[in-house]
């Protein structure tokens, strides 16, 4: 179990929508609930959301890495996930009210594309999707716009992977959905360092304008979180920390970040949004 989307429900329960990889190597999604977000997890006895390759052939090889955003306008949760088809990974959307039944929209970004999440409300009449298409040998973060969650266009580069020997050179992607703050959209993103010993996934921070998320305000120079513990360095895919979800406490500052560790387990890191913003202020370009 790894790479879980997360949401704090109205009754205070933390729900994780976990990626579960079976022994064939195919993934589905399964919900786990906890009263305190730390322990006492109650896991659905059956898969919460299975691939539906009969109606959605793009899910033939499984569904992965969900990000969850509550959409107040629709009073529903949007689950953006990776659908793995013969053509590669693409971005799919489903809506749910209860994490029991799901309304699938199918693929909204074709392969190869992943690492996607929605902003929680429209800006200038459009829903906005952050996603990570791959072109040639580099992968950047992009924005796309839609009036109805079905038809997408106006694809715009959001943030580019750096070049050279940087920790976030050549390949970056969104981690959990952006965090809305008075200063802007706080984005936790991952950078992939290619080395002779393999890849290292680390996390950095960036800040974007609330009214115009195409406008980058600040971007870190150094990474803020990296694989250090044994369960992060050793597993199916070593040296990976990969958050897909977080919850923020009622104080609007304390944050629980749930991340996949080495593509093998789910781990929890805690912080404060205010501290992350202060760190970014000191370390940004």
Please state the relative contact order of the chain as a whole percent: Cα pairs under 8 Å, 6+ residues apart?
-> 13
Using every pair of alpha-carbon atoms in region 125-202, split the distances into 10 Å bins beginning at 0 and state the percent of pairs per bin, rounded to integers.
-> 18, 43, 29, 10, 1
Quickly estimate the mean residue ellipticity at 222 nm for the chain, helices only: each DSSP H run with n ≥ 4 gives -39500 (n - 2.57), and the total goes over all residues, rounded to 500.
-> -1500 deg cm²/dmol
Exposure proxy order (Cβ contacts within 10 Å, fewest to most) of 77, 102, 2 = 102, 77, 2
Can you check what the Kirkwood hydrodynamic radius comes to for region 105-160, Cα pairs only, in Å to one decimal?
-> 11.6
Isotropically averaged projected area of region 1-132, using the convex hull of Cα atoms (one quarter of hull area), nm² | 8.4
Descending semi-axes in Å of the chain, equivalent ellipsoid built from Cα gyration tensor = 25, 22, 21
Can you list, largest first and rounded to whole Å, the semi-axes you get for region 180-237 by taking the square root of 5 times each eigenvalue of its Cα gyration tensor?
-> 29, 12, 9
Go through 14-22, 128-136, 265-273 and give me the packing order, highest mean Cβ count within 10 Å leading.
-> 14-22, 128-136, 265-273
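Give me the tail of P(r) for region 25-98 as a percent: Cα-Cα pairs with distance above 21 Å.
In whole percent, the share of Cα-Cα pairs in region 25-98 beyond 21 Å is 35.
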Over region 79-223: Kirkwood hydrodynamic radius from C-alpha pairwise inverse distances, Å = 15.9
Taking the Cβ-Cβ separation of residue 123 and residue 236 as r and a Förster radius of 41 Å, what is the calculated FRET efficiency to the nearest 0.05?
-> 0.60
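Using only C-alpha atoms and all pairs of different ones, pull out the Kirkwood radius for region 157-285 in Å with one decimal.
For region 157-285, inverting the mean 1/r across all distinct Cα pairs yields 15.0 Å.
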Part-to-part distance (alpha-carbon centres) for region 143-189 and region 53-79, which is given in Å = 19
Which of 34, 27 has the fewest Cβ neighbours within 10 Å, and the rest in rising order = 34, 27
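Each value in this text was obtained by applying a stated rule to the coordinates, not by laboratory testing. Computed from a predicted structure; not experimentally measured. Backbone-built Cβ (ideal geometry, glycine too); neighbour counts: all protein chains shown.
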